[in-house]
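Note sheet for the following structure.
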Amino acid sequence: MRDEAIKAAIEAATWAPSVHNSQPWTFVVTGEEIGVRADADRKPRDGRSGERDMLIGCGAALFNIRIVLRHSGWAPVTRILPDPDRPNLLATVRLGEAVTPDETTRRLVDEIERRRTHRAGLAVLEAAAADAREHRPDLDITTTLAGGPVVEALQEEAADAELLVVGAGGSRVLPGARLGSTGAALAGRVDCPVAVVHEVSQEQHGVVAVGFDEHSDAALRYAFEEAGRRGARLRAVHAWQPPALSPFALGYDPVLGELFEQEKRRAQALLAPWRHRYPQVEVVEDIVCGAAVPAIRRASVEADVVVVGSRGRGPLRSALLGSVSHGALHHSHCPVVVVQPARELAARPR
């Protein structure tokens with residue numbers, strides 16, 4: 001009876017659910033002890049999510065073993081990670097004292113072979129991949145069904161990416177706020193540029209807009225490259241404001257005009273090395289005396305994409321997305337790309 005119980009437990013373990021039906025486990029029987037081992041060659045995917053998904057699958061197999069042994073009349077005695085020298089040996093289960101299975105155990109055993117595959121996530125992926133292939137049949141398109149929190153999963157996927165693209169859920173309560181929480185969180189956490197797409201207009205303007213100041217090398221490089229790739233004009237938006245308590249803020253036209261010319265020359269100096277590097281890109285300067293976010297929002301009306309930088313730096317950068325980039329993400333009328341300053345060290349033309 002004990003041998004039959006062990007055989008039934010292992011058979012039940014193979015019915016355990018696993019991500020992508022990867023079945024990332026092996027079982028070894030030594031006497032009356034079953035060893036549950038993780039098979040790293042069968043883990044669902046690389047990286048931390050793959051490790052987690054593998055452990056979840058092995059945990060489900062271990063659960064089935066324990067339930068079936070109890071159903072067979074034996075208490076399962078389990079040791080988790082019993083041997084530090086064998087990290088792939090996740091657990092051992094041996095037959096303990098005789099027990100009488102209860103109703104809950106019997107019902108759980110009945111459900112083991114009735115498992116179902118939840119295909120909702122796969123259906124979404126398949127539909128998205130089909131739509132992408134219809135628009136760009138020349139691209140190599142792959143899909144990944146990731147588990148866990150959305151931001152963490154996308155952050156991991158973006159580790160080796162050149163661009164991360166997410167949609168924007170917007171807000172039903174505040175119609176003017178177009179950005180979802182996922183886009184806002186990712187724009188401050190990943191090193192690659194993040195594109196947040198609210199909706200794509202059928203009308204193409206042939207314009208890339210970029211908001212810039214003296215800290216925007218990475219954003220300028222991305223914007224010039226994108227304009228060159230698209231064969232589009234580049235609208236370079238530089239907004240400035242006079243000191244609130246200065247005479248300039250009171251509207252003295254001659255002084256304000258001189259200050260405007262100074263800001264214009266400063267903006268042109270910032271653009272000069274990029275014009276030299278990308279001579280094929282037509283640049284339209286948009287020098288605005290006023291707040292940056294409204295200026296970028298106005299430029300976005302007749303742009304195909306807006307590019308902004310992020311001031312966030314160091315371990316707190318996710319909380320320091322920057323008021324301009326945050327405002328552009330919320331209020332622009334076209335897709336917005338946020339470029340992190342992590343790339344600025346190599347960004348400035350020499």
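Just a few scattered comments:
- Screening Val308 against (1) more than 17 Å from Cys192 (Cβ to Cβ); (2) at pLDDT 85 or above; (3) β-branched (Val, Ile, Thr) leaves a single unmet condition, (1).
- In segment 271-289, the residues that are of a type in the set (Phe, Trp, Tyr) reach residues that are buried (at least 16 other Cβ atoms within 10 Å of the Cβ) with C-beta atoms within less than 6 angstrom, at least six apart or across chains, in these pairs: Trp274/Leu220; Trp274/Phe224; Tyr278/Phe224; Tyr278/Gly228.
- Val19 vs. criteria of a type in the set (Val, Ile, Thr) and more than 23 Å from Ala75 (Cα to Cα): yes
- Applying the set (1) surrounded by fewer than 18 Cβ atoms within 10 Å (Cβ to Cβ); (2) of a type in the set (A, V, I, L, M); (3) at pLDDT 95 or above to Leu256 leaves exactly one unmet item: (3).
For every residue, the table says whether it meets (1) assigned to a loop (DSSP other than H, G, I, E, B); (2) under 24 Å from the mean Cα position of the chain (by Cα); (3) of a type in the set (Lys, Arg).
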site	(1), (2), (3)
Leu69	no, no, no
Ala75	no, no, no
Arg86	yes, no, yes
Arg94	no, no, yes
Thr104	no, no, no
Arg107	no, no, yes
Arg133	no, yes, yes
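- Spans of helices (runs of 4 or more DSSP H) in segment 147-250 with at least 1 residues surrounded by 15 or more Cβ atoms within 10 Å (Cβ to Cβ) and modelled with pLDDT of 85 or more: 150-157, 217-230
- Any chance Leu81 is at pLDDT below 95 and either more than 22 Å from Arg107 (Cα to Cα) or not β-branched (Val, Ile, Thr) (or both): yes
- Residue within segment 2-11 that is of a type in the set (Lys, Arg), at pLDDT below 95, under 30 Å from Ala146 (Cβ atoms) and surrounded by fewer than 16 Cβ atoms within 10 Å (Cβ to Cβ) present: no
- Scope segment 82-101; condition surrounded by fewer than 11 Cβ atoms within 10 Å (Cβ to Cβ) and charged (D, E, K, R); matching residues: Asp85, Glu97
- Among the candidates Arg52, Arg37, Arg79, the residue that is in contact (Cβ under 8 Å) with a residue 60 or more places away in the chain, surrounded by fewer than 20 Cβ atoms within 10 Å (Cβ to Cβ) and either hydrophobic (A, V, I, L, M, F, W, C) or not in a loop (DSSP other than H, G, I, E, B) (or both) is uniquely Arg52.
- Within segment 18-34, being out of contact with any strand residue (DSSP E or B) (no Cβ under 7 Å at 6 or more places or on another chain) and either part of a strand (DSSP E or B) or modelled with pLDDT under 90 (or both) holds for Ser18, Val19, His20, Asn21, Ser22, Val29, Thr30.
- Residue within segment 291-306 that is assigned by TED's automatic domain parsing to the domain that holds Pro341, assigned to a loop (DSSP other than H, G, I, E, B) and either of a type in the set (D, E, K, R) or closer than 18 Å to Ala218 by Cβ (or both) present: yes
The values are calculated or read from the model by the stated rules, or taken from the named source; none is laboratory data. These figures come from a predicted structure and were not determined experimentally. FYI the Cβ positions are ideal-geometry reconstructions off the backbone, even for glycines, and counts take in every protein chain you see.
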